[in-house]
Amino acid sequence: MAQTVYFPLLLIALCSVSECVQRQYHFINEEKEWADAKKYCREKYTDLATVDNMNDMIQLNKCVKVNDKGVWIGLQGTNDSKWHWSSGDPALFLNWASGQPNSSDNCTVIKNGQWFVGACTATWTFICYNNQLIVIQQNLSWSEALRYCRQNHVDLVSVQSVEMQYEVMNVVKLASTKAVWLGLRHSCALGIWFWVSGETVCYQNWAPGNGTSEEDCEPTVRSGAVQTGSNQSWISRPETDRLNFICRNY
């Protein structure tokens, strides 16, 4: 009975590949010192803004728009002139303004799209980010995981491209179970797999012997999970299995 609520979505689903954006940025119009800004972001979002590439920079600039005042991001330096993000990850992408960094200050602000060093005790507005995908380390059935994601985030994740599969592979290593629920469901009545977001299964990454139309529907409905080991392929599991799961925030 429960699976019938998804049938109308199947009728309108289209096969498409969505652009994969890793983070959501949030401009916070409050002035804080860098350490206090980091604390705020970690309490309410994921962390101070991390920027790994030019695509991230474009998305961040849309959030800030034109701003000739300093806006904190999560880039911090050390005394040996090495730069890292507040998450602890090394800085592999930098967008310094001409002549920067030009002082012993160890924190970073954005002004008009370029990066400048600033005193960490100065007070500026700041940018937080949310991860687009998040592993929930609770062992729930598939239906319970779906309910959790829709109540606390947006939905269970749909994997519609190889790029999104890479994003799943990046976060699934945080799981504590051997497989992790996706938003992938099987309809015995129609003999097909579908995403609960309403998208059809265009891109596929099934492990051998999984994902066939002839699923064993007794005693319970089958749902899709991604393995946390091997090559992170998808597997078919009874929806009553209790696994970690991946929610999406977009």
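If I filter region 64-83 for residues that are modelled with pLDDT of 90 or more, surrounded by fewer than 17 Cβ atoms within 10 Å (Cβ to Cβ) and not hydroxyl-bearing (S, T, Y), do I get at least one hit?
No.
Across region 23-72, what is the total count of residues that are in contact with a strand residue (DSSP E or B) (Cβ under 7 Å, 6 or more places away or on another chain) and polar (S, T, N, Q)?
The number of residues fulfilling the criteria is 6.
Can you tell me how many residues in region 92-119 are surrounded by fewer than 18 Cβ atoms within 10 Å (Cβ to Cβ) and of a type in the set (A, V, I, L, M, F, W, C)?
6
Against the condition aliphatic (A, V, I, L, M) and in contact with a helix residue (DSSP H, G or I) (Cβ under 6 Å, 6 or more places away or on another chain), how does L140 come out, does it pass?
Spelling it out, it is not the case that L140 is aliphatic (A, V, I, L, M) and in contact with a helix residue (DSSP H, G or I) (Cβ under 6 Å, 6 or more places away or on another chain).
If you scan region 213-232, which residues turn out to be over 12 Å from K178 (Cβ atoms) and either touching a residue at least 24 places away in the same chain (Cβ under 8 Å) or in a strand (DSSP E or B) (or both)?
E215, C217, V221, R222, S223, G224
Can you name every residue in region 100-124 that is part of a strand (DSSP E or B), under 27 Å from the mean Cα position of the chain (by Cα) and free of Cβ contacts under 8 Å to residues at least 60 places away in the same chain?
T108, V109, I110, K111, Q114, W115
Tell me which of these S176 doesn't satisfy, since it passes every other one: (1) surrounded by 16 or more Cβ atoms within 10 Å (Cβ to Cβ); (2) small (G, A, S); (3) within 23 Å of N139 (Cα to Cα); (4) in contact (Cβ under 8 Å) with a residue 60 or more places away in the chain.
So the condition that S176 fails would be (1).
Anything in region 125-162 that is assigned to a helix (DSSP H, G or I) and either among the hydroxyl-bearing types (S, T, Y) or buried (at least 18 other Cβ atoms within 10 Å of the Cβ) (or both)? List them, or say none.
Matches in region 125-162: W142, S143, A145, L146, Y148, C149.
The values are calculated or read from the model by the stated rules, or taken from the named source; none is laboratory data. Note that the coordinates shown come from a computational prediction; the quantities given were computed from them, not determined experimentally. Please note: Cβ atoms are built from the backbone with ideal geometry, for glycine as well, and neighbour counts cover all protein chains shown.
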